[in-house]
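The values are calculated or read from the model by the stated rules, or taken from the named source; none is laboratory data. In this text the structure is predicted, and so the values were computed from the model without any measurement. Virtual Cβ from ideal backbone geometry, glycine too; neighbours counted across all protein chains shown.
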Amino acid sequence: MDEVGRGCLFGPVVAAAVILPESHGIRGLNDSKLLEPEERERLDRAIRERAVAWAIGRGEVNEIDQINILQASRLAMRRAVESLSVRPQLLLVDAVTVESPIPQKALIKGDARSHSIAAASIVAKVFRDRLLQEWDTEFPAYGLGRNKGYGTPEHKAALERWGPTPLHRRTFAPVRQLELFTMGAGA
């Protein structure tokens, strides 16, 4: 398992769980952040076609703001595992542990050490990037299709000009500080 979007100011955190066959034959599996978008798309298709099972889980914005991003990430990963059509014998997780009765091993830099974790990273990233492309049409001022919800200068400038949307993470400092400043200015 792996997740994407923990450091974003906008949208859910997304996790994927992938069970690959021993001889999967998928070349180029790596940390999704190190791959070009076209390569991620190609690998995503190959992973979904060849995986024994795969599933997505999400930690929604309201959950992130209520229980914090780490706990929402763990919740998304647990949802992904619980959605698998096949029960894994062991969970390999990138850096963290997840509440589950299934034995697990947290691997530091797991997406570089395990093909299954790298595959999960890719599936989660492609899924989340597609969500951001859709939301970019709904909220075009924020540049979500380009910045993927991260706090780029463009995104922060749009926040200052237009304020946060319902899908911005209110507990993240740039959004929270903006809301505190706006509330203070109106008083």
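Exactly one residue out of ASP136, ASP129 is among the charged types (D, E, K, R), without any contact (Cβ under 8 Å) to a residue 40 or more places away in the chain and surrounded by 14 or more Cβ atoms within 10 Å (Cβ to Cβ): that is ASP136. Per the conditions (1) at pLDDT below 95; (2) in a helix (DSSP H, G or I), the sole criterion not satisfied by VAL96 is (2). For region 51-62, enumerate the residues that are crowded, with 17+ Cβ neighbours inside 10 Å, touching a residue at least 40 places away in the same chain (Cβ under 8 Å) and either under 16 Å from GLU82 (Cα atoms) or not β-branched (Val, Ile, Thr) (or both). Listed by number, the residues that qualify are ALA51, TRP54, ILE56, GLY57, ARG58, GLY59. Only one of the numbered conditions (1) free of Cβ contacts under 8 Å to residues at least 24 places away in the same chain; (2) closer than 24 Å to GLY25 by Cα is violated by VAL86, and that is (1).
Applying the criterion of being in contact (Cβ under 8 Å) with a residue 12 or more places away in the chain and out of contact with any Phe, Trp or Tyr (no Cβ under 7 Å at 6 or more places or on another chain) to the residues of region 143-153, the residue that is nearest to ARG6 (Cα to Cα) is TYR150.
Within region 72-93, the set of residues being assigned to a loop (DSSP other than H, G, I, E, B), of a type outside the set (S, T, N, Q) and surrounded by fewer than 16 Cβ atoms within 10 Å (Cβ to Cβ) comprises VAL86, ARG87, LEU90.
Is one or more of the residues making up region 6-20 among the hydrophobic types (A, V, I, L, M, F, W, C), free of Cβ contacts under 8 Å to residues at least 60 places away in the same chain and either more than 15 Å from ALA120 (Cβ to Cβ) or not in a helix (DSSP H, G or I) (or both)? No, the conditions are met nowhere in region 6-20.
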